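The values are calculated or read from the model by the stated rules, or taken from the named source; none is laboratory data. Please read these numbers as outputs of a predicted model, since none were measured by experiment. Reconstructed Cβ throughout: ideal geometry from the backbone, glycine too, with neighbour counts over all protein chains shown. Heavy atoms of the whole protein, side chains included, go into the accessibility calculation; ligands, DNA and RNA do not. Shrake-Rupley method; radii C 1.70, N 1.55, O 1.52, S 1.80 Å.
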Amino acid sequence: MPRSLDATLLFCPGLLNGLLPMREFTDGMPAVERRYSGLRSLRAESHPARSCEANVADILQAVLEGKGSDAQAKPIADAKAVPPAHIMALAYSKGAPDLLTTLALHPDTAARFRCIFTLAGAIGGSQVADDVADKYKTLNLEGNRGKALSIAARRFAYRVLGEASAQTKRVDEFDSVAAVHDLTTRVRKAWLSEHAAQLDALNIPMFTFRGVTSLSEIPLSQKRGYRLIARDEPQNDMQVGASASQLPFPMATELAVFHGHHWDVAYPSFRKRRWFNKTYHPFPKTAALTAMVQLAAEFGLIGR
């Protein structure tokens, strides 16, 4: 197992990127950088609430220009941005369809990718998004009404995080209706049906991980979503069902099922709040991320 790796760990975050109390893998990414010299972390600064296709621009900035944030989620100055040559990508939640959309629209970037891991990826969509999209439709949230919803989301972000947040500065780009639309099972399954063969032909080794939890292990605010998914898929992580976290083509392999809910497998513990219960996330995220890097290295996908 090489201790020096000439590679960039590109992280593609999920929905609400930067709007939750913590950022994903803020312990794990610095730890793997310390463990393996030459391995650099790069977070794509995907917008927290817009469509997959719109977020392609954010991922391309990371892939082609090295722009984004570092292991600890601190912005990388443009002068220090280095375009990555050998990418090991980790895509979480909505980050998975964001990244797949990027590859489908820009297959010329595939040569930069040595391997792709998805974690709790909303690859096939989510019944939770179906439910929200139905509510949007009932409320006729199109045009000005949809814009009003996005304005409300921006105001909430300002109150919670303050104007210093990197994401909340991009207030004019919020499109909550489009973000939810792109996470519905209908849209994602149709997209996969159209693009699966194209993605498979890129010959990028892809590996998937998913989480499984139970109703007693999740925050109160997520129980409705868990029940919605459980009608179709008893095995789910409270936001994504088992089958929706898998890639349906030969170049993809499911490697493991983690015992943890959707936030647990990626986020450190949130701040303690009575209404935000069960936000202590004991899943060993640093160990899981280290194992992914080791596996990629042992397969010869990254290394010197």
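Being in contact with a strand residue (DSSP E or B) (Cβ under 8 Å, 6 or more places away or on another chain) and either over 16 Å from Ala122 (Cα atoms) or part of a strand (DSSP E or B) (or both) holds for only one residue in Ala287, Ala291, Ala297, and it is Ala297.
Contact map, region 188-203: first residue closer than 20 Å to Asp130 by Cβ and at pLDDT 95 or above, second residue in a helix (DSSP H, G or I) and not aliphatic (A, V, I, L, M), Cβ cut-off under 8 Å, separation 6 or more or different chains; pairs are Arg188/Pro97; Arg188/Asp182; Trp191/Pro97; Trp191/Thr101. Summed over region 261-296, the residues that are at pLDDT below 95 and either open to solvent by 70 Å² or more (accessible area, probe 1.4 Å) or among the small types (Gly, Ala, Ser) (or both) give a count of 9. Applying the criterion of being in contact with a helix residue (DSSP H, G or I) (Cβ under 6 Å, 6 or more places away or on another chain) and hydroxyl-bearing (Ser, Thr, Tyr) to the residues of region 26-80, the residue that is surrounded by the most Cβ atoms within 10 Å (Cβ to Cβ) is Ser46. Name every residue in region 204-223 that is out of contact with any helix residue (DSSP H, G or I) (no Cβ under 8 Å at 6 or more places or on another chain), among the polar types (S, T, N, Q), in contact (Cβ under 8 Å) with a residue 12 or more places away in the chain and farther than 21 Å from Leu20 by Cα, in order of residue number. Across region 204-223, there are no qualifying residues.
In this structure, Thr184 qualifies as crowded, with 19+ Cβ neighbours inside 10 Å, closer than 15 Å to Glu53 by Cα, in contact (Cβ under 8 Å) with a residue 12 or more places away in the chain and polar (S, T, N, Q).
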